[in-house]
Amino acid sequence: TCFVFTGVHNLCAIENMLPEATEEAIAIHNDVMRSCFVGRHGGREVALRDASFLFTFGDITEAVRACLDAQLELNNSPWPDEIITCKFCPAQSVDADTPPAFRGLRVCMGVHCGQAICVPTKTLPYPLYAGQAVRKAFRVAAASRGGQILITSTVYNKTRHIIQGNPEGCSAWIRAIE
């Protein structure tokens, strides 16, 4: 199973500064995430807390494609003007000759694949996943910066062809770690 944890970078600070714009931005974010991860790439939304998701995939390549797709779509989303001009969400280019690689809410993503235990629950509308692979995916996501997709070397080795064949600017989003 491939686990993808996501979360909005600096969400509390943005929400404290711009509560109304943040509500609209989170709605845009949630729509993009569900569209990319579930709708286009066949992932399963396992959990949502605030604006943080856990998605699972049976196909590692679709997990990485969903992350790349989501970052691209988030970058091109119609964010409220207050979000675009917020000090926590400035448009940022890799260099002077490229369009912004980061624009709007910055979403941290962490991806790892491995064995996990799936435990159905009676009180939650989704199963709980437990095990080393889940904990590692969570830690990888926690180490990522806003707008970054952090993947383990295991994931990178199996998806290198996807990462290297993506549009300009995507290299700013994705990094592999041990």
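Open to solvent by less than 60 Å² (accessible area, probe 1.4 Å), of a type in the set (Val, Ile, Thr) and not in a helix (DSSP H, G or I): is that true of residue 64 in this structure?
Criteria not met by residue 64.
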Give the residue, chosen from 59, 69, that is in contact (Cβ under 8 Å) with a residue 24 or more places away in the chain, out of contact with any strand residue (DSSP E or B) (no Cβ under 8 Å at 6 or more places or on another chain) and not hydrophobic (A, V, I, L, M, F, W, C).
69
Does the range 33-61 hold any residues that are β-branched (Val, Ile, Thr) and either surrounded by 22 or more Cβ atoms within 10 Å (Cβ to Cβ) or not in a helix (DSSP H, G or I) (or both), and which are they?
46, 56
What number of residues within the range 1-14 satisfy the criterion of being surrounded by 19 or more Cβ atoms within 10 Å (Cβ to Cβ) and in a helix (DSSP H, G or I)?
2
Which members of the range 136-165 meet the condition of being open to solvent by 20 Å² or more (accessible area, probe 1.4 Å) and hydrophobic (A, V, I, L, M, F, W, C)?
138, 142, 143, 163
Residue by residue through the range 111-135, note down the ones that are open to solvent by less than 40 Å² (accessible area, probe 1.4 Å) and over 29 Å from residue 160 (Cβ atoms).
127
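The values are calculated or read from the model by the stated rules, or taken from the named source; none is laboratory data. What you see is a predicted model, and the numbers here were worked out from it, not measured in a lab. Ideal geometry is used to build each Cβ from the backbone, glycine not excepted, and the neighbour counts take in all protein chains shown. Side chains included, ligands, DNA and RNA excluded: accessible areas come from the protein's heavy atoms. Shrake-Rupley method; radii C 1.70, N 1.55, O 1.52, S 1.80 Å.
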